[in-house]
Every structure is written in C-alpha cells, then in structure tokens.
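Asks: Here it is, the structure, as structure tokens.
The values are calculated or read from the model by the stated rules, or taken from the named source; none is laboratory data. Just so it is clear, the structure is predicted and the values come from calculations on it, not from any experiment. Here the Cβ positions follow ideal geometry from the backbone for every residue, glycine too, while neighbour counts run over all protein chains shown. Keep in mind that these areas ignore ligands, DNA and RNA; they rest on the heavy atoms of the full protein, side chains included. Shrake-Rupley method; radii C 1.70, N 1.55, O 1.52, S 1.80 Å.
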Amino acid sequence: MLFVLGDASKLASLQLAMVGARKATGSGCRTARKFAEYFARAGITVTSGLAVGIDAASHEGALSGGGQTVAVCATGLDRVYPTEHIGLAGRIRASGVLLSEFPPRTPPRQKNFPQRNRLISGLSLGTLVVQAARYSGSLITARRAAEQGRAVFALPGSIHERSSSGGCHQLIREGATLVEEPAEVLSALKIPLPDEALVRRGGRGVNPGAMDKGYEMLLDAVGFEPATVDVLVIRTGLSGDSITSMLLALELEGRIASYPGGRFGRIP
C-alpha cells in the first residue's frame, strides 16, 4: 500500500530519480539544481528522497524550473523528516507528490531509508547519482535501479574528494553511464531535448541582443579562465543562487561552458 499527498495522477508521469550525498559539497548541490531544473523544463518529473544535500537540491531545482517533483519519504506522511524541510515538503505537495509506503505516525527509523530507495528507483526511467561516498544509500538506490532494469547514470567527481565522489566512480566502474551534461541523460533515455523557446518561456533564457546589466557583468566576470561560483560571487557581488541561475541560462545560450570542479568559462 502507498500513501499519497498531492495529485496521485502525477505518479504516471515520466520520472527520473536524482539521489546523492547528504554531506554534499556546495558545487554538488549547485550541479544537482542545474540538472533538475533542466529536466523539469524538458517535462520530466524529478523523483528523490527529501533528504538534506543532493536530494533537497534536486527537488528545489525541479520546482525552480517550473516542473513537478516526487518525494518518497521514509516516514509516515503526517511528519516531515528532516524537520527543516517542512517548507520544501509543502511546496512539493502543492505541485507534485509526497509518497510513502509507511503508515501515519511512523517515525524516522534507520532501516526504512534503504527500504524506500527501491520505490525511488522503481518509479523512474533511470537513476542519476550526483555525489556519493563509496558506502552510501545512494548506491543502494542505483543498484536497485539496475536490478529493476532501469538505467543508471553517475557524475564523475574529483579524485581528491572521495567522500563525495568515490561512490560515483565505483558505479562507473560497474557499468553506470558517465554523464557530464543533463542533455546526455535525456539522449540516453531517448527523451526529446527541451528547445530554446521552452527555456525562454520559463524565464531563464537570455536575449543575445539585449542582455541586462546583471548578465553582462557576470559574463565579464567569468572570463575565459574557468572560475567557480564562489569566485564569481566575489567578483560580482551577486548572490550564489542568482549566479547559479544565470550561469544555467548563459550555458543554455552557448555563451559559457561548465568544466570539472564546478567551474565555468566563456566560450570564445
């Protein structure tokens, strides 16, 4: 039996699972948001587990992209865990679905989290692991996906950050598809890519002939030597969230490119 808050009919939509480390890096969370926003604009429902770190960033990205998201919970739906995600859970319920196989009044128990992971993977066409340690619940989700005949994708990370990238590298060695861009996931799943007009309607597109001063300032700050979001915050004085959103728009316009390590550089 499944318990649902929200529109249960949305469970029939095309879904992609996004999971990853709770102790994710700032760069990992920004990447998850960027990918999830792209998927949302392509009409894909992003499914995750409402945990801190990559899960929360994935839900947030889907919502900011104007799409819908499914949160598979490890507690009864009369409570939210972690409690700091009460607001996020409310937004997910308003435009998506909160789902649990556990009846009301079920508290957060350690054994319930790996158990619910098979639902995250089973609801989805594939599972994308953004960051993960070598021994983590995200790998359980990925292996459940493989057992269920679903696609498994993993983002490579720095060899110097094994606590957040070791699990992804392990999955790639085991046969997961290595991806660096969200379009690669959709292509592998044979899902049409979102066209530029769709991005513009979502309010994230940039008119090449009439960029506002914020975009011009950011583009100048990026330069041709790749820089991280933290560096760009210092150079521009803009907030990290604003820069992340603007970078996505500039990347979709083909004005900048993303590089390993959460860096961005202008395209000559």
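Asks: Using protein chains only and a probe of 1.4 angstrom, how many square angstrom of Arg235 are accessible, to the nearest 10?
Replies: 130
Asks: Mind checking the full-extension length gain between Thr177 and Ile267? Use 0.36 nm per residue of separation minus the Cα-Cα distance, one decimal, nm. Don't skip to the answer; put the middle values down first.
Replies: On the way: separation 90, 0.36 × 90 = 32.40 nm, distance 2.64 nm.
Gain in length upon complete extension: 29.8 nm.
Asks: Work the Kirkwood hydrodynamic radius out for segment 31-135: mean of 1/r over every pair of different alpha-carbon atoms, inverted, in Å. Can you show the working numbers first?
Replies: Details: mean 1/r = 0.0731 Å⁻¹.
Kirkwood hydrodynamic radius for segment 31-135: 13.7 Å.
Asks: Determine the relative contact order of the chain: mean sequence separation of Cα pairs under 8 Å and six or more apart, normalised by residue count, in whole percent.
Replies: Working: 550 pairs, mean separation 44.1, N = 268.
In percent, rounded to a whole number, it is 16.
Asks: Of Ile191, Ile54, Ile234, which has the most accessible area with a 1.4 Å probe, and how do the rest follow in descending order?
Replies: Numbers: Ile191 20, Ile54 0, Ile234 145 Å².
Heavy-atom accessible area, descending, gives Ile234, Ile191, Ile54.
Asks: Ordering Ser27, Ser58 from largest to smallest accessible area (1.4 angstrom probe), what's the sequence? Intermediate results must be reported in sequence, preceding the final value.
Replies: Values: Ser27 35, Ser58 0 Å².
Reading off the accessible areas and sorting them downward yields Ser27, Ser58.
Asks: For a quick protection proxy, order the peptides 239-247, 129-137 by their average other-Cβ count within 10 Å, most packed first.
Replies: Details: 239-247: 17.4, 129-137: 23.2.
By packing density, highest mean first, the sequence is 129-137, 239-247.
Asks: Also: Taking each pair of different alpha-carbon atoms in segment 5-90 once, compute 1/r for the pair, average those values, and report the inverse of that mean as the Kirkwood hydrodynamic radius in Å to one decimal.
Replies: Numbers: mean 1/r = 0.0787 Å⁻¹.
When all Cα pairs of segment 5-90 are included, the Kirkwood radius is 12.7 Å.
Asks: Can you tell me the order of 35-44, 249-258 when each peptide is scored by its average per-residue count of other Cβ atoms within 10 angstrom, highest first? Don't skip to the answer; put the middle values down first.
Replies: Values: 35-44: 24.8, 249-258: 18.1.
Taking the mean over residues of other Cβ atoms within 10 Å, the ranking is 35-44, 249-258.
Asks: Taking Cα atoms, how many degrees apart are the long axis of helix 213-222 and the longest axis of the chain, rounded to 10 and kept between 0 and 90?
Replies: Taking Cα atoms only, the helix is inclined about 90 degrees.
Asks: Order Asp230, Asp7, most accessible first, counting only protein heavy atoms with a 1.4 angstrom probe. Walk me through the numbers on the way to the answer.
Replies: On the way: Asp230 95, Asp7 65 Å².
Of Asp230, Asp7, the descending order of accessible area is Asp230, Asp7.
Asks: Oh, and also: Please state, rounded to one decimal and in Å, the Kirkwood hydrodynamic radius that the chain gives when every pair of distinct Cα atoms enters the mean of 1/r. Walk me through the numbers before you get to the answer.
Replies: Values: mean 1/r = 0.0535 Å⁻¹.
For the chain, the Kirkwood estimate is 18.7 Å.
Asks: Considering only protein heavy atoms, what is the solvent-accessible area of Leu14 at a probe of 1.4 Å, reported in Å² to the nearest 10?
Replies: 90
Asks: Net charge near Cys29, counting Lys/Arg +1 and Asp/Glu -1 over other residues with Cβ under 12 Å of its Cβ? Show your work: numbers first, answer last.
Replies: Details: positive: Arg22, Lys23, Arg30, Arg33, Lys34; negative: Asp55, Glu60, Asp241.
Within the 12 Å Cβ shell, the charges total +2.
Asks: If you place +1 on the Cβ of every Lys and Arg, -1 on the Cβ of every Asp and Glu, and leave all else neutral, what size is the dipole of the chain about its Cα centre, to the nearest 20 Debye? Walk me through the numbers on the way to the answer.
Replies: Details: 30 positive and 23 negative charges, 174 e Å.
Approximately 840 debye in magnitude.
Asks: Shifting gears a bit: Can you tell me the FRET efficiency between Glu216 and Asp78 if r is taken as the Cβ-Cβ distance and R0 is 41 Å, rounded to the nearest 0.05? Don't jump to the answer; show the numbers that get you there.
Replies: On the way: r = 49 Å, r/R0 = 1.20.
In this case the efficiency is close to 0.25.
Asks: Another one. In nm, give the distance between the simple-model label positions of Ala94 and Ser239, each being 7 Å from the Cα along the Cα-to-Cβ direction.
Replies: Going from the Ala94 label point to the Ser239 one covers 1.6 nm.
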